[in-house]
Amino acid sequence: MKTYSRMEVANTMAETGMVPLFYHHDKEIISNVVKACYDGGARLFEFTARGAFAHEVFNELSKFCQKECPGMILGVGSVTDAAAASLYIQSGAQFVVTPVFREDIAIVCNRRKVLWSPGCGSLTEIARAEEMGCEIVKLFPGATYGPEFVKAVKGPCPWTSIMPTGGVSPDEENLTAWFRAGVTCVGMGSQLISKEIIQKADYKGLEEKVRKALETIKKVRA
């Protein structure tokens, strides 16, 4: 399995501009979702580890990606403590995303030189995360803060790289607002991978949706 440096992961986030995120307890469903995102052009995927025995599902997904999606950078989200971060890194996670800023997770990831994106909600939290080596901070919940918050942060801190998650949708108006405000990339969950897509097993539809979102991001940036 290819191991990506944290700078390679950060650069891929910046280049593609989008990280799809999703969780399902069924290994076949989550594998089909990841493959559809990969075929649609996504090169990062965040497995949101929220269910019982989620690490077992991740183990199988990691092996699946190695074989079927060799260029996919698979990471883990919803991590809340250092032990969980270490477990998923051992299972092949190439980046770690957290809902809150925790120094114990930062230490584990930094020791292994794995990119970590902590959920931050204030400029003080963002600054502290950057002091501890964070490359791209997660703005969460994104819908609560909005693009204007990003714009305000980027004023005094133009070096800060921000990835909003929650409240991001694939439509052009929403993406335009975020990227014009100065985000580096966006995390997209249920607005991209909807319940309807899963219920209908419409993986071709998801593939096209991902492709269109990436094209929109490219257009907005241009």
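Here the Karplus relation 6.51 cos²θ - 1.76 cosθ + 1.60, evaluated at θ = phi - 60°, turns the backbone of segment 7-20 into coupling constants of 6, 5, 5, 4, 5, 5, 4, 5, 6, 7, x, 8, 10, x Hz, with x for every Gly and Pro. Legend: residue pairs Lys27/Lys67; Lys35/Lys212; Lys27/Lys212; Lys67/Lys218, Cα-Cα distance threshold 22 Å; pairs beyond threshold, Lys27/Lys212; Lys67/Lys218. Relative to one another, the C-alpha centroids of segment 151-189 and segment 1-58 are positioned 20 Å apart. Positive-end ranking of Asn59, Leu74, Ala152 along the dipole of the chain, with charges on Cβ about the Cα centre, is headed by Leu74. What FRET efficiency would be calculated for the residue pair Glu208, Ser122, taking the C-beta separation as r and a Förster radius of 25 Å, to the nearest 0.05? Using R0 = 25 Å, I get an efficiency of 0.10. Percent of Cα pairs in the chain per distance bin of 10 Å, from zero to the largest separation: 9, 37, 39, 15, 1. Spacing of the modelled spin labels on Lys27 and Glu8, each 7 Å from Cα toward Cβ, amounts to 2.6 nm.
Taking the Kirkwood radius as Rh and the Cα radius of gyration as Rg, segment 1-55 has a ratio of Rg/Rh equal to 1.00. Here segment 1-154 is treated with +1 on each Lys and Arg Cβ and -1 on each Asp and Glu Cβ, and its dipole about the Cα centre works out to around 220 debye. Between Val34, Val186, Val153, the Gaussian network model of the chain with springs among Cα atoms under 10 angstrom shows the greatest mean-square fluctuation at Val153.
No value in this document is a laboratory result; all are computed from the given coordinates. Being a predicted model, the structure only gives us computed values, none of them experimental. So basically every Cβ, Gly included, is an ideal-geometry build from the backbone, and we count neighbours across all protein chains shown.
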